[in-house]
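> Have a look at this one before I ask anything.
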Amino acid sequence: VIPSSSSSTTTTTSFSSPPTTGASIIHIGSIAAFGAFKTLTAYCVAKAGVAHLTRLQCAEFASRGLRVNCIQPATVITNWHA
C-alpha cells in the first residue's frame, strides 16, 4: 500500500506538472492521514505521505504560480450504514 500510494502520486505529479501559471494539481488523500486506525496502519501511513507531499509541492511550485491541493474524503455515516 505504501509504495503504490506514495510513489504513484509522486511519479504522476513529476510527469504531469503543468507548465503554466494558474494551473492546479489535485492529489487524492484520505482522512486516515490524520488518524490512527489499528487495522489500517499501512494505509494511514501512505495517505499521510500524500498529505505531506502536497504541502511540499505547494512550497516547491508556488513560485511557478501552480496550486497543489489534496482532497481528503471521510466516511459519512448515514441511515444506509445502519
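> Applying 1/(1 + (r/R0)^6) with R0 = 30 Å to the Cβ-Cβ distance of A59 and W80, what FRET efficiency is obtained, to the nearest 0.05?
Numbers: r = 40 Å, r/R0 = 1.34.
Using R0 = 30 Å, I get an efficiency of 0.15.
> By how many nm would the segment from R67 to A23 lengthen if fully extended, with 0.36 nm per residue of separation less the alpha-carbon distance?
Details: separation 44, 0.36 × 44 = 15.84 nm, distance 0.64 nm.
Stretched fully, the R67-A23 segment lengthens by 15.2 nm.
> Determine the gain in length on full extension of the stretch T39-H52; use 0.36 nm per residue of separation and subtract their C-alpha separation, reporting nm with one decimal. List each step's numbers first, then the result.
Working: separation 13, 0.36 × 13 = 4.68 nm, distance 2.17 nm.
The T39-H52 span can extend by a further 2.5 nm.
Each reported figure results from applying straightforward, stated rules to the coordinates on display, with no laboratory input. A quick note: this is a predicted structure, and the numbers were derived from the prediction, not measured. Neighbour counts are summed over all protein chains in view; Cβ atoms, including those assigned to glycine, are modelled from backbone coordinates with ideal geometry.
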